[in-house]
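The values are calculated or read from the model by the stated rules, or taken from the named source; none is laboratory data. All of these numbers come straight from a predicted model, not from anything done at the bench. Cβ placement follows ideal geometry from the backbone for every residue including glycine, while neighbour counts extend to all protein chains displayed.
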Amino acid sequence: MSDAFSIFCSIGSSAGRIVLLGFAPAKVLHALSFPDVLNEDTGTGYQRRFNSQHSQDFRRYIRQPGASTIPLTLNLRPSANAWSVCDKGNGQAELKISADAGKIMAQVDCQHRLGFLGEVDLSLPFMCYIGLSVEEEMEVFRTINSKAKGLSTSLLDFHDAHLAGDLANDRPELFIALHLNNDPESPWYRQLDLGGTSTSGMTRRASLRTMQKAIKRFLTATKILKTKSTERAAQIVLSFWKAVSEVLPEEWANTRKHILNKGLGVYAMMDIAADLYREAPDDSGLDRISFVNALTDFAHQVDWTTKGKLYGLGGEGGVRPAVDYIRDVRKRAHLKVVSNG
């Protein structure tokens, strides 16, 4: 598309937003649009990872006789010169697109349908918002896809974090989980799976949803937020995980053979963190060193391997027996120290 061109559309409202309704060849819509996939390295974008198989399936389907699809949902990103909408009256409008406009439309809900249609000339219907901000796009995407099969719950949580007015008070468990993922001093730094893409090459150890649910267990068990701020709770949780990675470096690093920082281990260790918090006479003294001292007394005696005592336990249902086992190891280690003393 080397020349400026126009697409004639109907114009109206979708509830409280003005939209364009029209038809265009798939290859044209593909050339003009892009998916705004969450980049976990930069924190930009908001959509799920591209699913090649899903997109291939749609390409095969849509080219069959009698195939059809609901309108693709797009948004014309704000731009001074790339495009303009001219209202022609009687519910009609002309979308004018400059020759060098490039990809001016965000694929709010159609990235997998358009993914492999770059050379396909089939006419497809579209509905296009006009000038939504990225945050407004995110709200539309979340509303459309919140129950969609395959959409990561961690990605929805990421949306919540960006859309929340006061995350520390509204979703403290999510605030703390993101703090673990975003603080460069955290052993979890950029290692929680947010549901987007990353070029960092680091292995994702657990999902954002798993971590926040484990932290919620900690918050509930300790009732820490009745007397302390969410920020202080985040400091304590961070100190605990620093201590865990320091006391158990091999188990922490070798994720294939150990469950320490996988789902079951995350849940169980946050319960153990709650035990240590409740036992502390004054949480002002709870820091990395105090957690290291406590963990050193028993953590090495726990069988963290995937083939050991915790084998076969999984998910939240396996947390109780896992915690009981760790607590029992800790109790026996303490009794041994007392008897030797």
> Of all residues in the stretch 1-21, which are modelled with pLDDT of 95 or more and in contact with an Asp or Glu (Cβ under 7 Å, 6 or more places away or on another chain)?
Replying inline: F8, I11
>> Among the residues that make up the stretch 272-285, is at least one of them part of a helix (DSSP H, G or I), free of Cβ contacts under 8 Å to residues at least 12 places away in the same chain and charged (D, E, K, R)?
In response: yes
> Looking at this structure, is L29 of a type outside the set (F, W, Y) and modelled with pLDDT of 95 or more?
Replying inline: yes
> Which residue pairs have Cβ atoms under 6 Å apart, sit 6 or more places apart or on different chains, and have a first residue in the stretch 158-187 that is surrounded by fewer than 16 Cβ atoms within 10 Å (Cβ to Cβ) and a second that is part of a helix (DSSP H, G or I) and at pLDDT 80 or above?
Replying inline: A164/D170
>> Given the criterion of a type in the set (V, I, T), surrounded by 13 or more Cβ atoms within 10 Å (Cβ to Cβ), farther than 19 Å from I215 by Cβ and touching an Asp or Glu at 6+ places or on another chain (Cβ under 8 Å), identify the matching residue among V329, V292.
In response: V292
>> Could you go through the stretch 311-322 and let me know if any residue there is acidic (D, E), modelled with pLDDT under 95, surrounded by 12 or more Cβ atoms within 10 Å (Cβ to Cβ) and touching a helix residue (DSSP H, G or I) at 6+ places or on another chain (Cβ under 7 Å).
In response: yes
>> Could you check the stretch 117-145 and list, in sequence order, the residues that are out of contact with any His (no Cβ under 9 Å at 6 or more places or on another chain) and under 19 Å from S55 (Cα atoms)?
In response: D121, L122, S123, L124, P125, F126, I144, N145
> Can you tell me which of R232, R256 is at pLDDT below 95, surrounded by fewer than 20 Cβ atoms within 10 Å (Cβ to Cβ) and closer than 14 Å to H179 by Cβ?
Replying inline: R232
> Tell me, which strands (runs of 3 or more DSSP E) wholly within the stretch 1-116 include 1 or more residues that are in contact (Cβ under 8 Å) with a residue 40 or more places away in the chain and farther than 21 Å from S133 by Cβ?
Replying inline: 5-14, 17-25, 83-89, 92-97
> With K307, K242, K331 as the choices, which residue is modelled with pLDDT of 85 or more, of a type in the set (K, R) and under 25 Å from the mean Cα position of the chain (by Cα)?
Replying inline: K242
> Hey, among A80, A106, A99, A67, which residue is in contact with a strand residue (DSSP E or B) (Cβ under 9 Å, 6 or more places away or on another chain), of a type in the set (G, A, S) and farther than 18 Å from E137 by Cβ?
Replying inline: A99
